[in-house]
Amino acid sequence: MLVTVVADYGTGDLAFAEVRQRIAQLLPEAEVTAVPVPAFDTVGAGFCVAQLAFGEGPPDRIVYANVAPRQDRNEPRANNAGERLAAARLASGVLVVGVASGASLSFLAAEGVPVRAVDVADHGSQFRSRDVFPSALAGLARGADDLLGDELAVVPPPKQAVAWTDGYGNIKTTWDTAPAPAGETVRVRVGEVVAEATVSDGVFEVRAGTMSFAPGSSGWPRGDGNGRRTWYELLSRGGDAAQLFGHPAAGTPVEIVG
C-alpha cells in the first residue's frame, strides 16, 4: 500500500517525520512518501492531489492531504478546531483523505468525484494530521466506509491561474485550451509581470531562450468521459519561467493581454 502525504510541511521537517511514524503505527504495511507544497497553498495541494489520484498507479494507494490554514472562520476557535476532514473514493479504488480547506479537494470535485465528510473530530490538537486524523485514515484504508458522512459542497478550482510550479521553474496553469493558434506569440501577464510566449503543441517546440505556452505533462481523464484534460504550462527553454515571473503563488491569474 502506497500512502502519499501532500502537505505544507517539507519532507525534511519534523512534522512529516511524526506523521510518517503515526501512519506506520496504524498501517505498518504502508510505504509512506511525501509531496511538500508551500505554506497554506491549497491550490497547489489540490492540483497535486488530483494528479496523483487520477494518475496511473496501484489501485489501493492513498493520497493524504493536509493543508489547513484554518481560514474557514475568522472568529476565535476553541480547542484548535479547523476545517473538517473529508474523503473521496475514486472508481479506480484510489482513496483520497484530506482536510476540506480552500481548493485542496476542488480539482477532484470538479471532475464529478463526490467528496464526503469523515466522521472524526475537527479539533483536539494543533497537529490534527498527527494526533486526530490518522486513525480515520487507517479505518478508511481498511474499508470502514461507515465513517463517511454527507457529501460536501466544494469550491471550484481557480480558472486560468497558476496551479503548481515544478522544480525546473515550469509554471503549470489551469488553462486547458490554447489561448491562440499554435505558432502565435502572445503576451502573458502573471501577477505584475508581462512576458512573451509562443503558443505551441509541445513545450519544447520553441527556440532556446524563448518561452512556450503549451500542453504540459499534467492532466487526467475528464469526469464527463469526454477525453482527457491536459493543463497548459509556461516553460522557458533553457531558463526558469517562475523566476522570470517573480515566483508567483498558486492561484495567481494567468492572463493574455493585448
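For this structure, a couple of remarks:
- Considering residues of the range 135-165 that are in contact with a strand residue (DSSP E or B) (Cβ under 7 Å, 6 or more places away or on another chain) and closer than 21 Å to Trp231 by Cα only, the residue surrounded by the fewest Cβ atoms within 10 Å (Cβ to Cβ): Gln160
- Subset of the range 172-220 [in a loop (DSSP other than H, G, I, E, B) and either under 26 Å from Ala45 (Cα atoms) or not assigned by TED's automatic domain parsing to the domain that holds Arg237 (or both)]: Thr174, Trp175, Asp176, Thr177, Ala178, Pro179, Gly191, Glu192, Gly202, Val203
- Residue list for the range 17-39, restricted to those being in contact with a Gly (Cβ under 9 Å, 6 or more places away or on another chain) and either on the phi > 0 side of the Ramachandran plot or among the small types (Gly, Ala, Ser) (or both): Ala34
- Qualifying residue in the range 239-246 (condition: in a loop (DSSP other than H, G, I, E, B) and touching a Leu at 6+ places or on another chain (Cβ under 9 Å)): yes
- Hits in the range 151-171 (condition: assigned to a loop (DSSP other than H, G, I, E, B) and touching an Asp or Glu at 6+ places or on another chain (Cβ under 8 Å)): Gln160, Tyr168, Gly169, Asn170
- The condition of being surrounded by 19 or more Cβ atoms within 10 Å (Cβ to Cβ), at negative phi and at pLDDT below 90 holds for only one of Val120, Val113, Val132, that being Val120.
- Unique residue being in contact with a helix residue (DSSP H, G or I) (Cβ under 7 Å, 6 or more places away or on another chain) and in contact (Cβ under 8 Å) with a residue 24 or more places away in the chain when the list is Ala138, Ala180, Ala161: Ala138
- Top-ranked residue of the range 34-92 - restricted to ones that are of a type in the set (Asp, Glu) and under 17 Å from the mean Cα position of the chain (by Cα), ranked as modelled with the highest pLDDT: Asp41
- Within the set Gly251, Gly239, the sole residue that is surrounded by 16 or more Cβ atoms within 10 Å (Cβ to Cβ) and touching a residue at least 60 places away in the same chain (Cβ under 8 Å) turns out to be Gly251.
The values are calculated or read from the model by the stated rules, or taken from the named source; none is laboratory data. Remember, it's a predicted structure, so these values are computed and weren't measured experimentally. Note that each Cβ is placed from the backbone with ideal geometry, even for glycine, and that neighbours are counted across all protein chains shown.
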